[in-house]
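Colleague: First the structure, then my questions, so here it is.
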Amino acid sequence: MLPTPPGDLPDQDTLDDIPPPEPAHRRPLTAAALAVMLAALSMIGPFSIDAYLPAFPNIQSTLSATPLEVQQSLTFYMLAFAGMVLWHGALSDAFGRRNVILVSLAMFAIGTLGCASAHTVHYLWVFRIMQGISAGAGVVVGRAIIRDLHEGPAAARLLSLVTMIFSIAPAIAPILGGWIVTLFDWRAIFLSLLAYSILLFIFCYYRLPETLPPEKRHPFNPRYLARNYGEILRSPLFHLKTGVVALNFAGLFIYITAAPVFLPEQLHLGASQFGWLFIPSVGGIFLGSLAANRIAGKMTFSRQIGIGFGFLLSASAFNLLYHLFLPPALPWTVLPLALYTFGMSLVAPGATLLALDLFPHIRGTVASCQSFAVTLLGAVVAGVIAPVLSHSALWLSAGQMAFSASALVLWLTSRYYRSILTR
């Protein structure tokens, strides 16, 4: 090897100016890796809900509880989830996205351990509330992270990619829960959730980026928060666009929360056969999110949402007409859910981003308010509407039709109101 001429050697000052290579665990994540991480954080919610649904009879017998008491463990979780998601975004606007995620994961792990060790249904309620308080951070802060990093079609593509990966959770959660409760017992479901949350905490600790630098954070004080929440809650467009997403989701969630009664009574399925309901639903979410990812930037959000409502209303109408004249039967009772969730996944990214863009300076707080509306309606569905309708396939299909039609009314109203403001 020839010696390097002295004039070609860098001096020591130049060498000192060259930054050392980033350690592997500090390097920026690719878009795909970030989507996987945010989807994994969002999966905590459906895993906490869907995985233990097949275990309701087992929990009832082990804890000497009534069916209603076990059902209320889901209702308390949803209420806590809804109440706290109103604050996750504001906390992340003040203290940073990463810090809120890590603290929430630690709290969720503690609550999950408490659920696994509960020996009365009342203790189960307490620790389910603790789970609900912390489980929503991934969904809320994840949306803010996406909007921190990207705009327009790029944000829509990343959001739909996260939804596509996230859709795996509602499909496999009840199936895994059914297998676990058959092979072991219901406590093993929560122990599995505990292991998942610990692994996710370790992964996020080393790889989750902070997308909100300190100079862009807002003070966390009552006056400032009251002003921000007041600004959001006084916006008719926010309520209209957020209501579109919440009502469409309620049309699916009514079936999810009715599953422990609806599937055994109406379709005569056991704990290990919940996949009949969840696989078509999640298949539609996956394909709809894939379609939304492909068409992002190729058409306006309004047109994409209009196409999505075409699928939503077609599925709801078929579902209602079928059960008006024919008894519940596989696969016809569950197939419309695939078409419904396909349309729901076309509508959600555009409606979500349109609401976030109403207040670009406080996106975390807006994401909290969005999630609060969706979850609060979900809690009402789980605690009030689903128990009333779960004994009849016809009434469930009518409930879904009412939710999707109401969502369409809100969307059309938002467009009309927007046109008035523009003029």
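Colleague: For segment 246-258, indicate whether the set of residues that are open to solvent by 50 Å² or more (accessible area, probe 1.4 Å), part of a helix (DSSP H, G or I) and either within 23 Å of Ala382 (Cβ to Cβ) or not basic (Lys, Arg) (or both) is non-empty. Walk me through how you get there before you give the answer.
Modeller: From segment 246-258, those open to solvent by 50 Å² or more (accessible area, probe 1.4 Å) are 249; that's our starting set.
Now drop any that are not part of a helix (DSSP H, G or I), which leaves 249.
With either within 23 Å of Ala382 (Cβ to Cβ) or not basic (Lys, Arg) (or both) added as a condition, the list becomes 249.
Yes, segment 246-258 has at least one match.
Colleague: Run down Thr242, Thr211 and say which single residue is surrounded by 11 or more Cβ atoms within 10 Å (Cβ to Cβ), β-branched (Val, Ile, Thr) and over 27 Å from Ala402 (Cβ atoms). Let's see the steps before the verdict.
Modeller: On the way: Thr242 fails: over 27 Å from Ala402 (Cβ atoms).
Being surrounded by 11 or more Cβ atoms within 10 Å (Cβ to Cβ), β-branched (Val, Ile, Thr) and over 27 Å from Ala402 (Cβ atoms) holds for just one of Thr242, Thr211, which is Thr211.
Colleague: Yes or no: segment 153-164 includes at least one residue that is surrounded by fewer than 18 Cβ atoms within 10 Å (Cβ to Cβ), assigned to a helix (DSSP H, G or I) and within 17 Å of the chain's Cα centre (by Cα). Outline the logic, then answer.
Modeller: Our first condition is that a residue be surrounded by fewer than 18 Cβ atoms within 10 Å (Cβ to Cβ); within segment 153-164, this holds for 153-154.
Next cut, assigned to a helix (DSSP H, G or I) only: 153-154.
Narrowing the set further to residues that are within 17 Å of the chain's Cα centre (by Cα) leaves none.
Looking through segment 153-164, none of the residues is surrounded by fewer than 18 Cβ atoms within 10 Å (Cβ to Cβ), assigned to a helix (DSSP H, G or I) and within 17 Å of the chain's Cα centre (by Cα).
Colleague: Just give me the residues in segment 362-388 being open to solvent by 30 Å² or more (accessible area, probe 1.4 Å) and either on the phi > 0 side of the Ramachandran plot or among the aliphatic types (A, V, I, L, M) (or both), in sequence order. I'd like the intermediate steps shown before the answer.
Modeller: So the first thing to find is which residues in segment 362-388 are open to solvent by 30 Å² or more (accessible area, probe 1.4 Å), and the list is 363, 372-373, 376-377, 380, 384-385, 387-388.
Scanning segment 362-388 gives Ala373, Leu376, Leu377, Val380, Val384, Ile385, Val388.
Colleague: Having 1 or more residues that are open to solvent by less than 80 Å² (accessible area, probe 1.4 Å) and modelled with pLDDT of 85 or more is the bar; report the helices (runs of 4 or more DSSP H) wholly within segment 1-108 that clear it. Show your work before the answer.
Modeller: Working: elements: 12-17, 31-42, 44-50, 56-62, 67-95.
Passing ranges, in order: 31-42, 44-50, 56-62, 67-95.
Colleague: So which residues in segment 366-423 are of a type in the set (D, E, K, R) and touching a helix residue (DSSP H, G or I) at 6+ places or on another chain (Cβ under 9 Å)?
Modeller: Arg415, Arg418
Colleague: Tell me which helices (runs of 4 or more DSSP H) are completely within segment 318-409 and hold 3 or more residues being closer than 30 Å to Ile133 by Cβ, touching a Phe, Trp or Tyr at 6+ places or on another chain (Cβ under 8 Å) and β-branched (Val, Ile, Thr), or say none if there are none. Even if it seems obvious, please write down each step before you answer.
Modeller: Values: elements: 335-356, 363-380, 386-389.
Helices (runs of 4 or more DSSP H) meeting the threshold: 363-380.
Colleague: Tell me the residue from Leu287, Leu267 that is open to solvent by 10 Å² or more (accessible area, probe 1.4 Å), more than 23 Å from Val374 (Cα to Cα) and out of contact with any Ser or Thr (no Cβ under 6 Å at 6 or more places or on another chain), please.
Modeller: Numbers: Leu287 fails: more than 23 Å from Val374 (Cα to Cα).
Testing whether each residue is open to solvent by 10 Å² or more (accessible area, probe 1.4 Å), more than 23 Å from Val374 (Cα to Cα) and out of contact with any Ser or Thr (no Cβ under 6 Å at 6 or more places or on another chain) leaves just Leu267.
Colleague: Could you check segment 316-346 and list, in sequence order, the residues that are of a type in the set (A, V, I, L, M, F, W, C) and more than 29 Å from the chain's Cα centre (by Cα)?
Modeller: Quick first cut of segment 316-346, residues of a type in the set (A, V, I, L, M, F, W, C) only: 317-318, 320-321, 324-326, 329-330, 332, 334-335, 337-339, 342, 344, 346.
If the condition is that a residue be of a type in the set (A, V, I, L, M, F, W, C) and more than 29 Å from the chain's Cα centre (by Cα), then Leu321, Leu324, Phe325, Leu326, Ala329 are the ones that fit.
Colleague: Now for a separate question. So the check is Cβ under 7 Å with 6+ separation or different chains; which pairs have a first residue in segment 337-364 that's of a type in the set (D, E, K, R) and a second one that's assigned to a helix (DSSP H, G or I)?
Modeller: Arg363/Ala144; Arg363/Arg147; Arg363/Leu356
The values are calculated or read from the model by the stated rules, or taken from the named source; none is laboratory data. Predicted model only: the values in this text are computed from it and were never measured. Glycine also receives a Cβ, built like all others from the backbone with ideal geometry; neighbour counts cover every protein chain displayed. Areas reflect the complete protein model, heavy atoms only, side chains present, ligands, DNA and RNA absent. Shrake-Rupley method; radii C 1.70, N 1.55, O 1.52, S 1.80 Å.
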